[in-house]
1. For region A:95-176, state the average projected area of the convex hull of the C-alpha atoms over all orientations, rounded to one decimal in nm².
2. Can you work out the Karplus-derived ³J(HN,Hα) for every residue in region B:113-126? Use 6.51 cos²θ - 1.76 cosθ + 1.60 with θ = phi - 60°, whole Hz, and x for glycine or proline.
3. Inside 10 Å of the C-beta atoms of B:72-82, what's the mean count of C-beta atoms belonging to other chains?
4. Translational diffusion coefficient of the protein assembly as shown at 37 °C, 0.692 mPa s, Stokes-Einstein with Kirkwood Rh over Cα pairs, in µm²/s as a whole number.
5. By how many nm would the segment from A:Asn65 to A:Glu168 grow when fully extended, if each residue of separation counts as 0.36 nm and the alpha-carbon distance is taken off?
6. Please list 3J(HN,Hα) in residue order for region A:18-31, calculated via the Karplus relation 6.51 cos²θ - 1.76 cosθ + 1.60 where θ = phi - 60°; whole Hz, with x for glycine and proline.
7. Relative to the present Cα-Cα distance, how much length would full extension add between B:Asp57 and B:Glu77 at 0.36 nm per residue of separation?
8. Quick one: what do you get for chain A if you divide its Cα Rg by 2.2 N^0.38 Å?
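Read-outs throughout are calculated quantities, based only on the coordinates presented, and are distinct from any laboratory measurement. Fair warning: this is a prediction, and the values are worked out from it, not measured in the lab. A quick note on method: Cβ atoms are made from the backbone with ideal geometry, for glycine too, and the neighbour counts reach across all protein chains shown.
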There are 2 protein chains.
Amino acid sequence: MALEHAILVCLSEQDLSGYDLAKQFDTSIGFFWHASHPQIYRELRKLKDQGLLVSTDHSQVGKPNKTVYSLTDTGREALFAWSQRAVEPPAVKDELLVRLYALDDIDRPALMAQLHDRLEKHQERLRQYRRIKETQYASPDLSSRQQGKLIALEMGIRYEENWVSWCEEALETLTNRA
Amino acid sequence: MALEHAILVCLSEQDLSGYDLAKQFDTSIGFFWHASHPQIYRELRKLKDQGLLVSTDHSQVGKPNKTVYSLTDTGREALFAWSQRAVEPPAVKDELLVRLYALDDIDRPALMAQLHDRLEKHQERLRQYRRIKETQYASPDLSSRQQGKLIALEMGIRYEENWVSWCEEALETLTNRA
DNA sequence: GGCAACATGTAACTTGTTACATGATTCC
DNA sequence: GGAATCATGTAACAAGTTACATGTTGCC
């Protein structure tokens, strides 16, 4: 129901090929809505059939040709209409938290190792977000589009900070009670 | 790949019917791993076929009969083996954050209303988590199983606190820049 | 009698993942 | 020659949602 709209969001800023979109969904907007390339190509076909996108072939020098997609007026209207619809908070789905529910029946040392691993991953992600903020959003006057992205990025930063401190405390608590 | 394991986690604590499991996945463990009832019944059948669960019919007075599932030894081993496998951090997927990426092309007043709505929902969820903590985890000596659940609940509380403060700040920023 | 909660399911569909498949170009 | 990156796809499967379907019991 919504990869469709996330694609419209990406294309509202600039025309992109499937490959470029896949890269966006692996970084940038991908921090808040991930998608794999088979899913993207499948969705592009559907959106084109619905008339929300048009495609044009671009030949490139030194690289293989690519098919670039652009929003149609109908596509931009669909994006606007979608933006008016209510959204539910996303459901949390985390295997690590589920494992904590069975603390008696799982491998404790393995869990500790997994918490360490998570801690490191969230630290790395946090560094990445902070780097992006410094390099791309440091200017005092941002366009409103950039402003929006920055607000989302702030959520990313807090989210990772939260994970980092939670992992640290969880490790401490579990060590003391071992 | 993992509802299967979340069910094993639930049944490692106590035997449950499909209906009871559905309730757990709507509250409790459901805060960290949600599942709908068709999915649960489908999974129970598979787990039973694999020999990880057995079912027994329980006749009840004053209520319809139910089928109660219990872990087999194989099931408990599968749970332990799963707990040793590495876990990836879950992907964030949030339409509201995606909308911020297209701040120029969406309905701004609608977005503000959605942020208000989210704020209220996260506040409510936070109240709920705090109530659970006070009523169910206030005791100084918790079993190790309860300890684990409390650590997960702490994540839930921080997660919601984070959302609440982010929503407040996002609303403020967007109001000033309107 | 009607509603809410209990209890269990199926069918159809959408969404998402993994593995496979192909071929171009650039750089070492 | 081989690896990396660019570029686009298909096929099969797994996971998740929504709507439909059925019947019980307790309570007002």
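1. Working: hull surface 24.8 nm².
Taking a quarter of the hull surface, the average projection is 6.2 nm².
2. 4, 5, 5, 4, 4, 4, 3, 5, 5, 6, 5, 5, 4, 4
3. 2
4. Answer, rounded: 145 µm²/s.
5. 32.2 nm
6. Computed from phi, the couplings for region A:18-31 are x, 4, 4, 4, 4, 5, 4, 7, 10, 9, 5, 4, x, 5 Hz.
7. On the way: separation 20, 0.36 × 20 = 7.20 nm, distance 2.42 nm.
Additional length available on full extension: 4.8 nm.
8. Working: Rg = 20.5 Å, N = 178, 2.2 N^0.38 = 15.8 Å.
Expressed relative to 2.2 N^0.38 Å, the Cα Rg reads 1.30.
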